[in-house]
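J.: Take a look at the following structure, please.
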Amino acid sequence: MTYRKKGAVDGREYEPMKEPRYTEIATFMRAPLAASLDDVDIGLIGVPTDLGVTNRPGARHGPREIRNSSSLMRAFNLGLRMNPYELCRIADLGDVRFSGRYDLELQTAQIADYYRLVHAAGVIPVTAGGDHSITFPIFQAIAAKSPIGMVHIDAHCDTWGDLYGSKFTHGAPFRLAVEHGLLDPKRTIQIGIRGGQNLMDGVDFSLEHGMRVVFMEEFAALGVDRVIAEARRVVGDGPTYISFDVDGLDPVYAPGTGTPEVGGLSTLDAQRLLHGLRGLNLIGGDVVEVAPPYDQTGNTALVGASMMFEILCLIADARWGAPGPGSVRAR
């Protein structure tokens, strides 16, 4: 994709990636802001809502602050030794717009409608939330024809039942996805699960339906490389989604989140884990639960932007890169 575009006033062409990072309207990764879905392979999307949280709000501010922090991203990924912008056309699609700011069920339906348009256009979504409830309606759009697998990094399983009279909370997206035939639980791995529980309903659901749950104690015992191997075994060659909740990280790295749990992954372990997923059949991903009001340093938004960039690179490489040893495209 050519990243030159004309300025709104003077008509001169410029390349956003080559401009100073403090200039222009903030977009995800300084990618161009798309006016349509034409000529886009990967769409970077914000979903600014936190109506699904069970306690502390704030994730509605996540997409804006992740955009701001993502100006610090560069084009070349040193860890993966690749440049996603050389492989495919990447653009910021803006935010999902809601006609009802206080209606969780309406917002859930409008997210699904938006992603159906994106999916129908052949655009692969990489999303910044918002709380984790947004992933269920994304699945309603991209997994409508057949269930998908998932690598899920989180402190919580997010497979609870109804909470406080709603089934669309951020603690329930993957229970809903399994019950609606959108997520294959036997091709799902949940990594980093820990913390206290008032109810074992969610953990029990995950285990009873065949999800591979890697509790944090097991993660620490196995180490990153063996967890990568387990993740690759579980999801196999089928279509797979990456869902990254920043509370999967230890709060020393990501304090700006609504439900922090001590004893989580380090940012380095998270990057190594993501890099180990290279070559999987990836069809989308998200980074959720960045709640900037709880972190005045801005570090959590930077972490969110960094993980979003890693997922973007993995998808670009999986779909348009040269197939390497062990990749799905090499088989």
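J.: So is Gly181 over 19 Å from the mean Cα position of the chain (by Cα), at pLDDT 95 or above and surrounded by fewer than 22 Cβ atoms within 10 Å (Cβ to Cβ) or not?
T.: yes
J.: When you go through Arg232, Arg226, Arg187 one by one, which is the residue that is basic (Lys, Arg), touching a helix residue (DSSP H, G or I) at 6+ places or on another chain (Cβ under 7 Å) and over 20 Å from Val288 (Cβ atoms)?
T.: When all the criteria are applied, what remains is Arg187.
J.: Looking only at the range 150-170, how many residues end up being in contact (Cβ under 8 Å) with a residue 60 or more places away in the chain, surrounded by fewer than 24 Cβ atoms within 10 Å (Cβ to Cβ) and either of a type in the set (Gly, Ala, Ser) or under 22 Å from Leu273 (Cβ atoms) (or both)?
T.: 1
J.: Can I ask one more? With respect to Thr267, is the statement that it is over 17 Å from His132 (Cβ atoms) and in contact with a Phe, Trp or Tyr (Cβ under 9 Å, 6 or more places away or on another chain) true?
T.: Values: over 17 Å from His132 (Cβ atoms): yes; in contact with a Phe, Trp or Tyr (Cβ under 9 Å, 6 or more places away or on another chain): yes.
When the stated conditions are applied, Thr267 passes them.
J.: Could you check how many residues of the range 72-112 are touching a residue at least 60 places away in the same chain (Cβ under 8 Å) and polar (S, T, N, Q)?
T.: 2
J.: Same structure, new question: Among the residues in the range 12-23, are any within 23 Å of the chain's Cα centre (by Cα) and either at pLDDT below 95 or in a strand (DSSP E or B) (or both)?
T.: Scanning the range 12-23 turns up at least one residue that is within 23 Å of the chain's Cα centre (by Cα) and either at pLDDT below 95 or in a strand (DSSP E or B) (or both).
The values are calculated or read from the model by the stated rules, or taken from the named source; none is laboratory data. This structure is a prediction, so every number in the text was calculated from the model and none was measured. Cβ: placed from backbone, ideal geometry, glycine included. Neighbour counts: every protein chain shown.
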